[in-house]
Each structure stands twice: as C-alpha cells, then as structure tokens.
Amino acid sequence: MTNLLLSAYDADSHRRWREGVVAHCNQCEWTSLQLPARYFNWRIRGNSLSWALGERDTLTRPYQLILATSMVDLSTLKGLVPELSRTPSILYFHENQFAYPVSEHQQYALEPRMVNLYSALAADALVFNTDYNRESFLLGVDKLLSKMPDAVPKGVTASLSVKSQVLAVPLEPNTFRVNRAGYKPPLEIVWNHRWEYDKGPQKLLGCLQALPPQLQLKLHIIGQQFRREPEAFSDIHQLLTERNWLGHWGYLDNPSDYMQLLQRCHLVLSTALHDFQGLSVLEAVAAGCIPLVPDRLAYRELFPPSFRYTSHFENNQPQTHGAVESESAACAAKIIEYYERLASDAELPALPNLQALSWSQLQARYSALFAEFSRPSGGL
C-alpha cells in the first residue's frame with residue numbers, strides 16, 4: 001500500500017503522530033511531506049501552493065491513500081494537482097480552528113475555519129483525536145453556516161458528521177515508565193505546555209498565588225518556548241523564586257532528561273484554555289504523574305471527575321482573568337494543597353490507566369482505517 005502523508009504545520013505533537021504512523025503502520029509504504037510550524041496564517045492558506053508548485057513530482061506519483069492533517073488545504077491542493085483528486089483521502093484533526101480561544105489581542109479569523117471546512121468536505125473520512133474535538137468542530141461549522149446571508153446548502157454538518165470518527169493520537173511505548181516508589185516531600189509538580197496565552201499562564205499564576213507560602217512544593221515549568229512569551233511568566237518565576245518552589249525552568253530538549261523529570265514528579269498541572277487531547281498531560285500521567293486538569297475540554301472523556309477542577313472559561317470569548325477564572329485557579333490550588341498533605345503521608349491516589357491510548361492498543365485500528373479507505377492497487 002503506497003500512501004501519501006501530509007503535515008502542513010508540523011508542530012511537535014503533529015510530528016510525533018506522523019512519525020508514529022510511519023513506524024507502527026509499516027505495512028504501508030509512506031511518502032511524507034511536511035512544512036515547519038511557523039507563520040501560521042501563511043502556512044494554513046499557502047501550503048497547497050507551496051506543495052503544488054514545489055513538490056509536483058512527488059504529488060503526481062500514484063498513491064492508494066492520502067492521509068492529511070486538518071491544517072492541509074486539501075480542497076485547493078486537489079484542484080491544483082488533479083492527479084490527487086482521484087485518490088481517497090483521510091483528514092486527521094489534532095485540533096480544529098472553531099474551538100480555539102481568542103485572546104484580547106486577536107480578532108475572529110474566518111479564513112482558517114473555512115480551510116478546515118473545505119478540506120473536510122473534500123475528504124472521504126474525518127478522524128478526530130477526541131470526541132470533544134469532533135463535537136466542537138461540528139458545532140462550529142453549524143454556527144458559522146447559520147450566520148451566512150444566503151445560498152447555504154442544507155445538510156452540510158450532517159454530511160460531515162456521518163463520515164467522522166474518533167481515534168486518538170497514540171502514546172509511544174517508551175512513555176509508559178511509571179516509578180511511584182519512594183515518594184516524599186516536597187510535592188513536585190510539572191507544568192509542561194507551550195509558553196503561550198492559550199495554555200493559561202495567567203491562570204497558572206493565579207493558582208500559585210492562591211497557595212499557602214508554607215507548603216513544601218517544587219514547580220517545574222517546562223515546555224516549548226518562543227521569542228515572545230506572555231508577561232505572566234516573569235511573575236511566575238519571581239513568585240517561585242521568592243517561595244523557594246522553583247524547580248526546572250525552561251524547555252528540556254533532551255527526551256531522556258524530560259522523561260526522568262516526569263517520572264520523579266507527583267502531579268502534572270494543566271491550566272489550558274484549550275486542549276483537544278492534551279498529549280503533554282497524557283505523557284506525564286503515563287510516566288507516573290497524577291493529573292490535575294480543568295473540568296472541561298477533552299479532559300472530561302480522558303479522566304474521572306476526581307482528577308478535574310472547576311473551570312468556567314468559554315472558548316468563544318476573549319481571554320479574561322476576572323472573578324470566574326480566579327475562582328477556577330483557587331479550586332486548583334485547594335487540590336494541590338490537599339495533595340501536598342497526602343504526599344507527606346505517602347497516600348497519593350492511584351494513577352488512571354492509559355494503556356488504551358498506547359500504540360500497542362491502537363495500531364490495529366489505524367491499520368484497519370487505512371485499509372478501509374485505500375484504493376486497490378489494481379486501480380492505480
């Protein structure tokens with residue numbers, strides 16, 4: 001089976017998924033094209049142009065299946081490269097552009113949402129990493145089309161729903177390395193997200209400010225960093241330093257060092273304003289961390305209520321840090337304080353079992369999906 005794999009915005013999580021598909025579904029012969037995760041507006045609208053004119057020899061080869069991420073402008077690409085229009089295609093959604101929170105410095109952007117919609121219409125199958133991702137996409141499409149002035153066809157959302165399914169991004173085998181022996185104070189917490197506004201740094205600051213200063217804690221603030229980062233991080237660093245809570249600060253680019261840090265931590269904390277699957281949290285839990293996550297987003301289908309704290313942030317509203325999110329931060333702080341007492345008594349709860357999200361459990365479903373939609377070799 002000769003397949004074409006397209007990743008138009010090859011961020012870390014997209015790259016790991018892409019490499020995992022190639023490694024674990026090796027009954028297929030894969031040709032991969034990917035573009036760097038930068039210049040978002042150009043990338044999501046220009047990827048079809050970049051590839052159609054820059055990779056034409058590769059794209060016009062015979063393939064039995066196209067597997068593309070939802071950042072790919074699939075409808076335009078098929079129009080620019082007619083050879084691809086006859087090849088079955090699967091669109092994989094790591095995220096969708098309808099459910100991203102808008103910051104106070106951003107405006108509603110129609111273009112990325114339309115790329116998602118047109119690509120979904122051009123694909124034979126839509127696959128989402130969580131049901132939250134699927135439902136928020138379908139709801140977003142329905143709301144968008146309801147605002148259009150005229151000539152809106154009926155049944156668009158229903159047709160997309162019929163060809164959609166949920167299949168998670170699997171966790172790699174080396175992620176599962178739990179070591180819960182010998183836990184003792186201080187309570188070690190890891191926050192391992194991109195250093196951007198949508199991961200809730202202001203909410204993280206509020207949570208830390210709500211904690212009693214006398215607690216025995218160690219906070220590791222890691223994750224991908226960028227040239228510009230929210231101002232809250234300087235306040236977080238100052239607070240952690242003043243209270244002697246500062247652990248590792250900054251990105252860990254060595255996978256072994258990253259895994260060792262996760263294995264020695266007690267908790268993984270998410271303050272995200274959006275997460276479509278929360279791979280960084282899942283990695284930490286698989287390595288031995290107890291999740292402490294918002295009671296919303298994909299986390300409602302991933303973890304029992306005992307691991308979730310109250311959060312009222314709405315995706316379609318500009319980012320605010322008023323009374324509602326202060327209350328959410330305080331809820332997270334109370335749970336951290338509770339866990340700090342448990343850690344002192346060596347009574348931390350059992351971890352959620354994530355084996356169902358491993359490649360060993362999901363590889364067969366991926367292979368069956370590709371086999372179902374691929375074109376027979378004789379039809380090339």
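Across region 15-29, what is the number of residues that are modelled with pLDDT of 95 or more and open to solvent by less than 40 Å² (accessible area, probe 1.4 Å)?
5
Give the residues of region 114-164 that are of a type in the set (Lys, Arg) and crowded, with 21+ Cβ neighbours inside 10 Å, sorted by residue number.
Scanning region 114-164 gives a single hit, Arg134.
Residue-by-condition table, conditions (1) free of Cβ contacts under 8 Å to residues at least 40 places away in the same chain; (2) of a type in the set (Val, Ile, Thr); (3) touching a strand residue (DSSP E or B) at 6+ places or on another chain (Cβ under 9 Å):
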| residue | (1), (2), (3) |
| --- | --- |
| Asn26 | yes, no, no |
| Glu29 | yes, no, yes |
| Tyr39 | yes, no, no |
| Leu74 | no, no, yes |
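Out of the residues in region 30-41 that are under 14 Å from Thr69 (Cβ atoms) and not in a strand (DSSP E or B), state the one that is modelled with the highest pLDDT.
By that ranking, first place goes to Leu35.
Among the residues of region 38-79, what is the count of those that are among the charged types (D, E, K, R) and under 19 Å from Ser374 (Cα atoms)?
Number satisfying all stated conditions: 2.
Are any residues in region 1-14 surrounded by fewer than 19 Cβ atoms within 10 Å (Cβ to Cβ) and more than 18 Å from the chain's Cα centre (by Cα), and if so, which ones?
Met1, Thr2 - these are the residues of region 1-14 that are surrounded by fewer than 19 Cβ atoms within 10 Å (Cβ to Cβ) and more than 18 Å from the chain's Cα centre (by Cα).
Return the residues of region 196-220 that are open to solvent by 30 Å² or more (accessible area, probe 1.4 Å) and assigned to a helix (DSSP H, G or I); say none if nothing qualifies.
Hits for region 196-220 are Tyr197, Gln202, Gln209.
Name every residue in region 30-63 that is aliphatic (A, V, I, L, M), surrounded by 14 or more Cβ atoms within 10 Å (Cβ to Cβ) and over 20 Å from Asn116 (Cβ atoms), in order of residue number.
Residue satisfying the conditions is Leu59 alone.
The values are calculated or read from the model by the stated rules, or taken from the named source; none is laboratory data. Since this is a predicted model, take the numbers as computed values, not measurements. Methodologically, a virtual Cβ is constructed for each residue, glycine included, from the backbone with ideal geometry; neighbour enumeration extends over all protein chains shown. Side chains included, ligands, DNA and RNA excluded: accessible areas come from the protein's heavy atoms. Shrake-Rupley method; radii C 1.70, N 1.55, O 1.52, S 1.80 Å.
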